[in-house]
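Accompanying notes for the structure given below.
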Amino acid sequence: MAIDWFPLWLSLRVAVISTAVALACGLWLAWVLANRQFRGKELLDAAVTLPLVLPPTVLGYYLLVVLGRNSPVGHLYEWLFGAPLVFSWQAAVVAALFHSTPLLVKSARAAFESADRSYERAARNLGASELRLFWRVTLPLARRSILAAAALAFARSLGDFGVTLMIAGNIPGRTQTLAVAIYDAVESGNGTVARALVLIISAVALVVLLVANRLTTNPYGPRQTAL
């Protein structure tokens, strides 16, 4: 039986877009959590981490309430774009974003906190602004860990199932991602298609993990300890 490749291309598009948005929003949030002290910081950190521990059905329900056609956000989106957000491929991007951003924020925060602060202090003493300091010093110091976190966020976005099914649905040719297509193939008893799709997503995930491992490996080898 011929395999419909639409779910693979849709999943890749969703993963790319959600990872890009997660990088744009998550890096700023990670930097704030790593470098600023303010009231409610731990609450913000807990709220960012919450999607990692909530059941997908709970997270999907929250998103349905916030993004549904009867919500202010849903009304605004439909007014701007002429179509509801839920049960669209854009909703799949939102679902993947909420599952991938917390992972990226936690990893990027750890990378920022482990960066050598002496370079930042030297840049400040030379008169560098905070924005210039971030782009020219902090980000290059943590770039390998951040790229590895982005690769993991991409893999997580690629494999999202529960939240995607709840807010984007299972519409072949429109919102059916690879994970949802596997579920659909199993439910319909189409084992051949299910096995092929499972092998495809496993291979893509394996490549992404290899890239992430390569990025987090010290290019100079293990640190030598003096005897």
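Of the residues making up segment 1-57, those that are among the β-branched types (Val, Ile, Thr), at pLDDT 90 or above and within 18 Å of Ser145 (Cα to Cα) are Thr19, Val21. Within segment 96-138, if we keep just the residues that are without any contact (Cβ under 8 Å) to a residue 12 or more places away in the chain and of a type in the set (Gly, Ala, Ser), the residue that is surrounded by the most Cβ atoms within 10 Å (Cβ to Cβ) turns out to be Ala128. Confirm whether Ala91 is in a helix (DSSP H, G or I) and over 28 Å from Leu209 (Cβ atoms). Considered against the rule, which asks whether it is in a helix (DSSP H, G or I) and over 28 Å from Leu209 (Cβ atoms), Ala91 comes out as no. Pro102 passes every criterion in (1) over 25 Å from Pro51 (Cβ atoms); (2) modelled with pLDDT of 85 or more; (3) in a helix (DSSP H, G or I) apart from (1).
Of the candidates Ala83, Ala122, the single residue that is part of a loop (DSSP other than H, G, I, E, B) and more than 22 Å from the chain's Cα centre (by Cα) is Ala83. Scanning segment 155-192 for residues that are without any contact (Cβ under 8 Å) to a residue 24 or more places away in the chain and in a helix (DSSP H, G or I) returns Ile182, Tyr183, Asp184, Ala185, Val186, Glu187, Gly191.
Could you tell me which residue of segment 66-89 is nearest to Gly169 (Cα to Cα), considering only residues that are surrounded by 11 or more Cβ atoms within 10 Å (Cβ to Cβ) and aromatic (Phe, Trp, Tyr)? By that ranking, first place goes to Phe87.
The values are calculated or read from the model by the stated rules, or taken from the named source; none is laboratory data. Please read all numbers here as calculations on a predicted model, not as lab measurements. Note that we place each Cβ from the backbone using ideal geometry, even for glycine, and neighbour counts take in every protein chain shown.
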